[in-house]
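K.L.:
The structure that follows is given in the form of structure tokens.
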Amino acid sequence: MSVSATSDDGTTTLIIETPETAAVAALADVSDILEVCARVTGMGYVVVAHVTEDRWLACAVLDEVNFGLPVGGELPIRSTLCNEVRQTRAPIAFDQASADQLWRDHQTPKAYGLESYIAVPIVLDDGDFFGTLCAIDPRPAPASRPETVRMFELFARLIATQLDAGRRLALSEAALMDARETAELRDQFIAVLGHDLRNPLAAIEAGATLLERKVTGEDTRRILGEMRGSAGRMSRLINDVLDFARGRLGGGLSLARRPATELPAMLNQVVDELRAAHPGRIVQAGIALTDAVPGDPDRIAQLMSNLLANALVHGDPDQPVRVAAAVVGQTFELSVANGGRPIPETVQPRLFQPFNRRDTADVRDGLGLGLYIASQIATAHNGELTVVSDEVETRFVFRMPVAATSLPL
């Protein structure tokens, strides 16, 4: 990007804007700082320079001696004393080069016709060297006085502080933009899952069910049954991913809490559905609930469905799966237990993480979201889902307080 600046004599200069010149130009006090430095020292050219290993760039300039280097102007870095300031991170100042034993034969004052010079480092909070606050003049000036050096150092620190603040503001604005884009993407993703995919899938499932009522051939009925089963599995996968998206991107799972008197019937229905889906497996259910359980009965039933499906997939097919639900004291407990090989201790810490599939490639494991969603449902109820696995059995237990006042609002 380039902008043009017009001087007092009417001359127009094309300035190439860089991130560094833009950052310094945005500082509220930089013009006043240059003005004060010039008036106190009597020096005619004051500059905030961005200095790197291979670049010297003028970012803010006050030029009263026609030095001829505007904002955006560059000097060969090796020809500048600012390069030495960068290397040592210490100020350099002298009042009259021609009378100074250290500087009278130095190439830089000779090359640029300088008598007086001061440059102090500008160092950011993270330790990055930004550049220098520098003043030069072809005439002698009191540049090396302690009070002058101290003033330049304080101004350099002020410039660094303002640059840091500008950098943090830019990062905050970028983070805000990213958050807005993420929110938009989340909403689009959830909309696709909740509408664009589920609706046509529901139509396929309903159509297969309707055709099953009209066909007579066993092969056709079997194919339609498989289609409806596949559609059901796809619908459950979509629901899992939708819950995952809401949980991770939308701020957590939503609950419809109420005193759930219908919970026993809903849990027994889950057991019946999974018994039908796994013929030949034994599911022993002990659902002993007499009082209403405060919570979201649909979500609690979903939690048990995920646990029971997990037990039927991974448990020993020759051993029963045991389901129990009861209120013990002030705690609702729901457990699902199965026999079979224990879950390795190295795997257990990852069980409730999303997309965990027990380190297998078995397609029966699905997306590996079932246990994660179950744990999120437990957390949303201010409860906890735990697992204990040994050679005897693997048991998942969901516990939550039943006092309505203990549930998060």
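This table checks each residue for (1) farther than 18 Å from L27 by Cα; (2) touching a helix residue (DSSP H, G or I) at 6+ places or on another chain (Cβ under 7 Å); (3) in contact (Cβ under 8 Å) with a residue 24 or more places away in the chain; (4) of a type outside the set (A, V, I, L, M).
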residue	(1), (2), (3), (4)
I122	no, yes, yes, no
T132	no, yes, yes, yes
P140	yes, no, yes, yes
V149	yes, no, yes, no
A160	no, no, yes, no
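K.L.:
Sort through R228, R281 and tell me the only one that's at pLDDT 90 or above and of a type in the set (D, E, K, R).
P.N.:
Numbers: R228 fails: at pLDDT 90 or above.
Exactly one of R228, R281 is at pLDDT 90 or above and of a type in the set (D, E, K, R), namely R281.
K.L.:
Tally time: how many residues in the stretch 275-301 are of a type in the set (D, E) and buried (at least 16 other Cβ atoms within 10 Å of the Cβ)?
P.N.:
Filtering the stretch 275-301 for residues of a type in the set (D, E) gives 291, 296, 298.
Cutting the leftovers down to buried (at least 16 other Cβ atoms within 10 Å of the Cβ) gives us 296.
Counting residues in the stretch 275-301 that are of a type in the set (D, E) and buried (at least 16 other Cβ atoms within 10 Å of the Cβ) gives 1.
K.L.:
Where the second residue is open to solvent by 80 Å² or more (accessible area, probe 1.4 Å) and of a type in the set (A, V, I, L, M) and the first is in a strand (DSSP E or B) and lies in the stretch 384-404, which pairs have Cβ atoms under 9 Å and are six or more apart or on separate chains?
P.N.:
Going by the 9 Å Cβ cut-off, the qualifying pairs are T394/V388; R395/V388; F396/V388; V397/V388; R399/V328.
K.L.:
So is R186 over 30 Å from A23 (Cβ atoms) and at pLDDT 65 or above or not? Even if it seems obvious, please write down each step before you answer.
P.N.:
Numbers: over 30 Å from A23 (Cβ atoms): yes; at pLDDT 65 or above: no.
No.
K.L.:
Ok, one more. Filter the stretch 101-125 down to residues that are polar (S, T, N, Q) and in contact with a strand residue (DSSP E or B) (Cβ under 6 Å, 6 or more places away or on another chain), then give me how many there are.
P.N.:
So in the stretch 101-125, the residues polar (S, T, N, Q) come out as 101, 107-108, 116.
Narrowing the set further to residues that are in contact with a strand residue (DSSP E or B) (Cβ under 6 Å, 6 or more places away or on another chain) leaves 116.
Within the stretch 101-125, residues that are polar (S, T, N, Q) and in contact with a strand residue (DSSP E or B) (Cβ under 6 Å, 6 or more places away or on another chain) number 1.
K.L.:
Can you name the residue in the stretch 122-146 that is among the aliphatic types (A, V, I, L, M) and surrounded by fewer than 18 Cβ atoms within 10 Å (Cβ to Cβ) and, of all such residues, is nearest to M43 (Cα to Cα)? Can you show your working first?
P.N.:
In the first step, residues of the stretch 122-146 are kept if they are among the aliphatic types (A, V, I, L, M); the result is 122-124, 133, 135-136, 141, 143.
Keeping just the survivors that are surrounded by fewer than 18 Cβ atoms within 10 Å (Cβ to Cβ) gives 123-124.
Numbers: V123: 23, L124: 26 Å.
Taking the candidates together, the pick is V123.
K.L.:
Give the residues of the stretch 77-107 that are over 21 Å from P140 (Cα atoms), touching a residue at least 12 places away in the same chain (Cβ under 8 Å) and open to solvent by 70 Å² or more (accessible area, probe 1.4 Å), sorted by residue number.
P.N.:
Passing the criteria: only R89.
K.L.:
Scan A60, A28 and give me the residue that is at pLDDT 90 or above, of a type in the set (G, A, S) and out of contact with any Pro (no Cβ under 7 Å at 6 or more places or on another chain). If you could, list the steps in order and put the result at the bottom.
P.N.:
Details: A28 fails: at pLDDT 90 or above.
So the residue among A60, A28 that is at pLDDT 90 or above, of a type in the set (G, A, S) and out of contact with any Pro (no Cβ under 7 Å at 6 or more places or on another chain) is A60.
K.L.:
How many of the residues making up the stretch 31-49 are at pLDDT 95 or above and closer than 22 Å to R168 by Cβ?
P.N.:
1
K.L.:
Of the conditions (1) closer than 21 Å to L351 by Cβ; (2) without any contact (Cβ under 8 Å) to a residue 24 or more places away in the chain, R275 clears all except one; give me its number.
P.N.:
Looking at each condition in turn, R275 falls short on (1).
K.L.:
List the pairs whose first member sits in the stretch 341-355 and is more than 15 Å from A374 (Cα to Cα) and open to solvent by less than 80 Å² (accessible area, probe 1.4 Å), whose second member is in a loop (DSSP other than H, G, I, E, B) and acidic (D, E), and whose Cβ atoms are under 7 Å apart, counting only residues at least 6 apart or on separate chains?
P.N.:
P342/D390; P342/E391; V347/D359
K.L.:
Quick one: in the stretch 24-71, which of the residues that are in contact (Cβ under 8 Å) with a residue 40 or more places away in the chain and of a type in the set (G, A, S) is surrounded by the most Cβ atoms within 10 Å (Cβ to Cβ)?
P.N.:
Among those that are in contact (Cβ under 8 Å) with a residue 40 or more places away in the chain and of a type in the set (G, A, S), it is A49.
K.L.:
Would you be able to tell me the number of residues in the stretch 306-316 that are surrounded by fewer than 21 Cβ atoms within 10 Å (Cβ to Cβ), without any contact (Cβ under 8 Å) to a residue 40 or more places away in the chain and out of contact with any His (no Cβ under 9 Å at 6 or more places or on another chain)?
P.N.:
Number satisfying all stated conditions: 1.
K.L.:
Within the stretch 104-121, is even one residue over 17 Å from G44 (Cβ atoms), modelled with pLDDT of 95 or more and not in a helix (DSSP H, G or I)?
P.N.:
Yes: one or more hits.
K.L.:
Here's another thing I want to ask about it. Would you confirm whether or not the stretch 124-136 contains a residue that is assigned to a helix (DSSP H, G or I) and farther than 16 Å from E153 by Cβ? First the steps, then the outcome.
P.N.:
Step one: filter the stretch 124-136 for residues assigned to a helix (DSSP H, G or I), giving none.
No, there is no match, as no residue in the stretch 124-136 is assigned to a helix (DSSP H, G or I) and farther than 16 Å from E153 by Cβ.
K.L.:
Within the stretch 333-344, is even one residue over 31 Å from the mean Cα position of the chain (by Cα), over 21 Å from T379 (Cα atoms) and small (G, A, S)? So that I can check it myself, show each step before the final result.
P.N.:
Residues of the stretch 333-344 that are over 31 Å from the mean Cα position of the chain (by Cα), as a first pass: 333-344.
From the residues that got through so far, the ones that are over 21 Å from T379 (Cα atoms) too are 338-344.
Next cut, small (G, A, S) only: 339-340.
Yes - at least one qualifying residue is present in the stretch 333-344.
K.L.:
Take the conditions surrounded by fewer than 16 Cβ atoms within 10 Å (Cβ to Cβ), over 20 Å from D29 (Cβ atoms) and in contact with a Leu (Cβ under 9 Å, 6 or more places away or on another chain) and apply them to E74. Does it pass?
P.N.:
Working: surrounded by fewer than 16 Cβ atoms within 10 Å (Cβ to Cβ): yes; over 20 Å from D29 (Cβ atoms): yes; in contact with a Leu (Cβ under 9 Å, 6 or more places away or on another chain): yes.
Criteria met by E74.
K.L.:
If you don't mind, another one. Restricting to the stretch 327-356, and then to whatever is modelled with pLDDT of 95 or more and among the aliphatic types (A, V, I, L, M), can you tell me which residue is farthest from I282 (Cα to Cα)?
P.N.:
Looking at residues that are modelled with pLDDT of 95 or more and among the aliphatic types (A, V, I, L, M), I get L334.
The values are calculated or read from the model by the stated rules, or taken from the named source; none is laboratory data. On a predicted model such as this, the values are computed, not experimentally measured, just so you know. Note that each Cβ is placed from the backbone with ideal geometry, even for glycine, and that neighbours are counted across all protein chains shown. When the accessible area is computed, the model is the full protein with side chains, heavy atoms only, and any ligands, DNA or RNA have been set aside. Shrake-Rupley method; radii C 1.70, N 1.55, O 1.52, S 1.80 Å.
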